[in-house]
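*Asks:* Questions regarding the structure given below will be posed in turn.
The values are calculated or read from the model by the stated rules, or taken from the named source; none is laboratory data. Every value quoted in this text rests on a predicted model; they were computed, and no experiment measured them. Reconstructed Cβ throughout: ideal geometry from the backbone, glycine too, with neighbour counts over all protein chains shown.
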Amino acid sequence: MEFIKKYYLLILTAAGFPFFYFLPEAIDPYVELVIKYIGINIILAISLNLVNGYMGEFSVGHAGFMAIGAYVSSICTVWLFPSSSPYLFPFALFAGVIAAGIAGYLIAIPSFRTRGDYLAIVTLAFLMIVKSVIENMESLGAARGFLGMEKYTGLVWVFGSVVLSIILARNFIYSRFGRGVIAIREDEIASGLCGVDTKKVKIYTFIFSASLAGLAGGLFAHELQFINPRSFGLLKSTDMLVMVYLGGVGSISGSILGAITYTALLEILRPVTQFTGLSQEWRLVVAPLLLIILMIFRPRGIMGFREFPFLIPESLSTYKTDSSNKDNMDLPEVATKSNPENGKTHDKNKKNNRGKKA
């Protein structure tokens, strides 16, 4: 029993692979497609949450990194090794991840030389540039789109990618490097004075975030078997923002719930366009409107800074959230186990500590 309690996450993961391998035989193809979209959106939400949630910056161009991952992985499977693509599909995904990470590095260098909201402006410009370049490249189909990919994105691939993304993100956030990310969000100047290399931490975090978006792009391309620049426009970035803020910024659990909820909501509302004759562009109204409502009534999202217990490392599960544990009071709420006083922020805790010392 103790073994199951200690390794239940590993056991569930191992059981998930055979489950998702045989699941397509028992469900409708449409349901299978929705599950795949949910998995891809979970990866996208985690990717953006690393920047907008944990680091406290604001990116609106992550769809550009998704586009790079989609096109690079598609080029690999269609042009470079089409005859043996099923066996080299992981390498095609990896190529898309690397390409997106390199693009993230090139964007992060100028963006983090200054403070403020420059990242939002730079990432928006980056997204527009990526779209324009693809639209004018005849070799990639230009605005017509790129096709010829095989349907390699199965449920097993999506499940494995989601699990890998969650584990990597969790280990990253709860590492010493991740502490630096959270410290920058709380107070960048103070974290710099405490020895955190803020520029280096920001750049590495942004590269990791862009790479995950590239992974999602590769899975997306080999599910639809057709991609075009319109698939990676500002609307896609808006969808990512809604998923992150719906679930909760600064929470991997929130990214999971936000992606599931928003994807399911879009599919539930899809019949509305069929019965009313509305254009698919109705999402241009629904997504921003939902984002505004969230910012007003639930700015922290569903989860806030809280995490599911299985996403908190065992080394932190022994922390208590009372004032007698001095070390715990120095940790942000996102790095501790569920706090019964969820309404209190880390800043308020610090103020209370100062009052007690006085």
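*Asks:* Just a yes or no: is a residue in the stretch 238-255 over 25 Å from GLY304 (Cβ atoms) and small (Gly, Ala, Ser)?
*Replies:* No, because not a single residue in the stretch 238-255 is over 25 Å from GLY304 (Cβ atoms) and small (Gly, Ala, Ser).
*Asks:* Among the residues in the stretch 109-119, are any surrounded by fewer than 17 Cβ atoms within 10 Å (Cβ to Cβ), part of a helix (DSSP H, G or I), among the aliphatic types (A, V, I, L, M) and free of Cβ contacts under 8 Å to residues at least 40 places away in the same chain?
*Replies:* no
*Asks:* Still on this model: Looking at the stretch 149-162, which of its residues are among the aliphatic types (A, V, I, L, M) and at pLDDT below 95?
*Replies:* MET149
*Asks:* Please enumerate the residues belonging to the stretch 146-185 that are surrounded by fewer than 16 Cβ atoms within 10 Å (Cβ to Cβ) and out of contact with any Ser or Thr (no Cβ under 7 Å at 6 or more places or on another chain).
*Replies:* LEU147, GLY148, LYS151, LEU164, ILE167, LEU168, ASN171, SER175, ARG176
*Asks:* Any residue in the stretch 43-56 that is at pLDDT below 95 sitting within a Cβ distance under 9 Å of a residue that is surrounded by fewer than 24 Cβ atoms within 10 Å (Cβ to Cβ) and of a type in the set (Asp, Glu)? List the pairs, counting only those 6 or more apart or interchain.
*Replies:* Close Cβ pairs (under 9 Å, with a partner that is surrounded by fewer than 24 Cβ atoms within 10 Å (Cβ to Cβ) and of a type in the set (Asp, Glu)) amount to GLY56/GLU186; GLY56/GLU188.
*Asks:* Taking LEU9 as the residue in question, decide whether it is more than 19 Å from LEU215 (Cβ to Cβ) and modelled with pLDDT of 95 or more.
*Replies:* no
*Asks:* Looking at PHE226, PHE220, PHE206, PHE232, which is the one that is among the aromatic types (Phe, Trp, Tyr) and surrounded by fewer than 20 Cβ atoms within 10 Å (Cβ to Cβ)?
*Replies:* PHE226
*Asks:* Something else now. Which of the residues spanning the stretch 52-77 are surrounded by fewer than 19 Cβ atoms within 10 Å (Cβ to Cβ) and touching a Ser or Thr at 6+ places or on another chain (Cβ under 8 Å)?
*Replies:* The answer is none; no residue qualifies.
*Asks:* How about the stretch 1-104: which helices (runs of 4 or more DSSP H) wholly inside it have at least 2 residues that are closer than 28 Å to TYR262 by Cβ?
*Replies:* 8-22, 29-49, 62-75
*Asks:* Say we look at the stretch 78-96 and pick out the residues that are surrounded by fewer than 23 Cβ atoms within 10 Å (Cβ to Cβ) and closer than 22 Å to LEU48 by Cα; which of these is farthest from the chain's Cα centre (by Cα)?
*Replies:* The qualifying residue farthest from the chain's Cα centre (by Cα) is ALA95.
*Asks:* Restrict the check to the stretch 35-51 and report whether at least one residue is farther than 21 Å from LEU246 by Cβ, out of contact with any His (no Cβ under 6 Å at 6 or more places or on another chain) and either buried (at least 24 other Cβ atoms within 10 Å of the Cβ) or among the basic types (Lys, Arg) (or both).
*Replies:* No; the residues of the stretch 35-51 include none that is farther than 21 Å from LEU246 by Cβ, out of contact with any His (no Cβ under 6 Å at 6 or more places or on another chain) and either buried (at least 24 other Cβ atoms within 10 Å of the Cβ) or among the basic types (Lys, Arg) (or both).
*Asks:* When only residues in the stretch 186-202 that are surrounded by 14 or more Cβ atoms within 10 Å (Cβ to Cβ) and hydrophobic (A, V, I, L, M, F, W, C) count, which is modelled with the lowest pLDDT?
*Replies:* The selected residue is VAL196.
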